[in-house]
1. Find the relative contact order for the range 184-293 and round it to a whole percent, using C-alpha pairs within less than 8 Å whose residues are 6+ positions apart.
2. By how many nm would the segment from residue 59 to residue 174 lengthen if fully extended, with 0.36 nm per residue of separation less the alpha-carbon distance?
3. On a full-extension model of 0.36 nm per residue, what is the gain between residue 274 and residue 228, subtracting their alpha-carbon distance, rounded to one decimal in nm?
4. Normalising by the residue count of the chain, find the relative contact order in percent from Cα pairs under 8 Å and 6+ residues apart.
5. Can you tell me the 0 to 90 degree angle between the C-alpha axis of helix 2-15 and the longest principal axis of the chain, rounded to 10?
6. Starting from the Cα of residue 103, step 7 Å toward the Cβ, then list every residue of the range 29-46 with an amide N under 16 Å from that point.
7. Counting each DSSP H run of 4 or more residues in the chain as -39500 (n - 2.57), what helix-only mean residue ellipticity at 222 nm follows after dividing by all residues, to the nearest 500 deg cm²/dmol?
8. So, in nm, how far is label residue 254 from label residue 152 when the simple model puts each one 7 Å beyond its Cα toward the Cβ?
């Protein structure tokens with residue numbers, strides 16, 4: 001938290017000295033219902049512009065709850081000799097009404113620089129401290145016959161993701177994006193052996209094929225690796241190769257009402273070479289769909305209503321796990 005506060009203070013002192021700048025702020029709030037608190041953050045972040053490869057959840061189905069999401073964004077825009085420049089600080093969190101231990105915050109710093117009208121570079125830093133993904137045992141998450149005899153521990157971690165986007169406009173209605181990411185998932189004890197380094201390469205295409213209608217297609221490839229020597233004692237390795245594809249369609253319905261349809265597919269291949277590890281030769285397939293409605297109240301405010309459905313299955317499990325999230329939200333933007 002101190003790191004975020006220091007970065008915000010330095011950025012504010014730097015940019016407040018520049019003239020001809022425009023500051024804006026945005027406040028968002030959402031109220032969710034989820035049928036699986038362990039998978040809630042995982043499914044909400046499964047998006048091309050979010051963090052789609054969240055930590056593996058060995059023990060889902062840990063209960064349902066209502067979740068409140070407050071979010072605030074501070075943005076700055078100006079021009080320099082190279083072109084348009086912008087800065088954005090995003091701070092929010094998920095507040096669980098009953099399952100308080102799942103409550104956590106998330107923060108993002110974002111910088112964008114246009115080189116000319118068609119080419120833009122963007123840098124991101126995402127930080128999620130003390131993310132709780134449920135209780136787990138120290139035997140590779142394996143669910144044994146006598147659950148009462150297994151000692152369970154809180155599984156928590158800090159997540160750091162650095163990303164860069166290169167956006168290029170091929171025409172007025174067609175653009176491409178190249179994406180690169182590097183990340184650290186730093187687990188708290190007793191799961192410290194699961195510390196993971198990851199890197200991602202991806203490409204997106206955005207096509208505005210009709211006024212108000214936009215289609216975004218994307219693919220990511222990611223590798224995540226743990227320290228083999230550190231996790232050999234417990235025979236527990238969550239290293240993986242990930243393939244992720246997504247399609248997002250936004251279109252108007254009637255006057256102030258528009259909609260978004262999103263379909264995601266994720267294929268995880270775990271690369272553990274410990275034969276007693278439940279993740280040895282493990283494959284996980286995730287399919288997710290989402291629909292969200294947007295009602296514009298005025299130029300600065302809109303209401304949102306959405307539903308999200310996800311289906312996850314490991315090849316060593318007999319049954320798949322379903323996750324449902326429904327929400328109602330409000331967004332408001334204003335100049336400072």
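Only the coordinates and a few stated rules stand behind these numbers; no lab work does. Treat the numbers as computed from the prediction; the structure is a model and nothing was measured. Here Cβ is always computed from backbone atoms with ideal geometry, including for glycine, and neighbour counts include all displayed protein chains.
1. 20 percent.
2. This chain segment gains 37.2 nm when fully extended.
3. Stretched fully, the residue 274-residue 228 segment lengthens by 15.6 nm.
4. 14
5. For helix 2-15, the angle is close to 10 degrees.
6. 30-32
7. Taken over the chain, the calculation gives -2000 deg cm²/dmol.
8. 4.7
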